Amino acid sequence: QAIKDCVHRTGEELEPEYMALATELREAEVVGGDTSSWRVNGINWILWLFCTINMVYIHIDKSKGRKILMKILGSEFDGVFVSDCAPEFQKFAKFFQKCFAHLLRATYTLALENPKKDIVLLHHWLTNLFNEMSNFLKEDPPPNKREKMFNLFDGKLEDIIDYRWKSKEAKSIVANRLVKFRDDWCTAIIMSGVSLTNNGTEKHIRSA
């Protein structure tokens, strides 16, 4: 009981600072987010993790619904939100960047399982596009160059979408990821400080 009381008092002492972090999170220009399962007394809960360039914020809740996201970031987050394509991470931020790492892992797995289908070509083209964009961002380009290259990369993505894919695997990736989140794959090119992947958030979740 003494240990429980100590933990409770510690929580009360730290709560104001934790609430201040939540306010800082809502005011950030770029936020990455992800979820993971989290056991509480043997029952599966959800760990929600959000990170900025200098902060990690964790919220543990029973729910994986969007109401938790609204509670933490609000219904109209004014910055860029970087995440995978999970349904809860939609339609609340001004800008989105979907994670290319998740996309390429999905196409890579499907390509291994279907080596004779055009999903292999789709994975190859998306990998090349990702590598080109990553190399471009390493230069920390100025705004005018970003705008020019955004049009180029976005055009290449459009060409990939418009290709006559035949396999159900390729069609599924195109329809459920590339088309569904059409405007969310090249945000990092036009906006400084945004990453093409959500790897940083996943790293913090593994630490947790």
When (1) over 15 Å from T197 (Cα atoms); (2) touching a helix residue (DSSP H, G or I) at 6+ places or on another chain (Cβ under 6 Å); (3) open to solvent by less than 30 Å² (accessible area, probe 1.4 Å) are applied to M55, the one that fails is (2)
Quick one: count up the residues across the stretch 91-114 that are under 22 Å from the mean Cα position of the chain (by Cα), at pLDDT 95 or above and loosely packed, with under 15 Cβ neighbours inside 10 Å.
-> 2
On the given criteria, is F96 outside any loop (DSSP other than H, G, I, E, B), hydrophobic (A, V, I, L, M, F, W, C) and touching an Asp or Glu at 6+ places or on another chain (Cβ under 8 Å)?
-> yes
Identify all residues within the stretch 24-55 that are among the small types (G, A, S) and part of a loop (DSSP other than H, G, I, E, B); write none if there are none.
-> A28, G42
Within the stretch 32-52, residues among the polar types (S, T, N, Q), open to solvent by 60 Å² or more (accessible area, probe 1.4 Å) and under 25 Å from the mean Cα position of the chain (by Cα) come out as S37, N44
How do the pairs read when you match residues in the stretch 175-201 that are touching a residue at least 24 places away in the same chain (Cβ under 8 Å) and among the charged types (D, E, K, R) with residues anywhere that are outside any helix (DSSP H, G or I) and open to solvent by 10 Å² or more (accessible area, probe 1.4 Å), using Cβ under 9 Å and keeping only pairs 6 or more apart or on different chains?
-> R177/C85; K180/C85; D183/F95; D183/F96; D184/C85; D184/F95; D184/F96
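In the stretch 190-208, which residue that is of a type in the set (S, T, Y) and over 14 Å from the mean Cα position of the chain (by Cα) is nearest to K145 (Cα to Cα)?
Within the stretch 190-208, the subset of a type in the set (S, T, Y) is 192, 195, 197, 201, 207.
From the residues that got through so far, the ones that are over 14 Å from the mean Cα position of the chain (by Cα) too are 192, 207.
Working: S192: 12, S207: 37 Å.
If we take residues in the stretch 190-208 being of a type in the set (S, T, Y) and over 14 Å from the mean Cα position of the chain (by Cα), then S192 is nearest to K145 (Cα to Cα).
Take the residues in the stretch 1-31 that are over 12 Å from I58 (Cα atoms) and small (G, A, S), then tell me which one is surrounded by the fewest Cβ atoms within 10 Å (Cβ to Cβ). Spell out the reasoning first.
Taking the stretch 1-31 and keeping what is over 12 Å from I58 (Cα atoms), we get 1-17, 20, 23-24, 26-31.
Still in the running and small (G, A, S): 2, 11, 20, 28.
On the way: A2: 6, G11: 10, A20: 10, A28: 21.
Step by step, filter the stretch 1-31, then rank; the result is A2.
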Residue pairs meeting the criteria (Cβ under 9 Å; at least 6 apart or on separate chains; first within 12 Å of G33 (Cα to Cα) and in contact (Cβ under 8 Å) with a residue 40 or more places away in the chain, in the stretch 55-67; second of a type in the set (S, T, N, Q) and open to solvent by less than 30 Å² (accessible area, probe 1.4 Å)) = V56/T201
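The values are calculated or read from the model by the stated rules, or taken from the named source; none is laboratory data. Values in this document were obtained by computation on a predicted structure and should not be read as measured data. Because the Cβ atoms are built from the backbone with ideal geometry, glycine has one as well, and the counts that use them run over all protein chains shown. Surface areas here come from the heavy atoms of the whole protein model, side chains and all, with no ligands, DNA or RNA. Shrake-Rupley method; radii C 1.70, N 1.55, O 1.52, S 1.80 Å.
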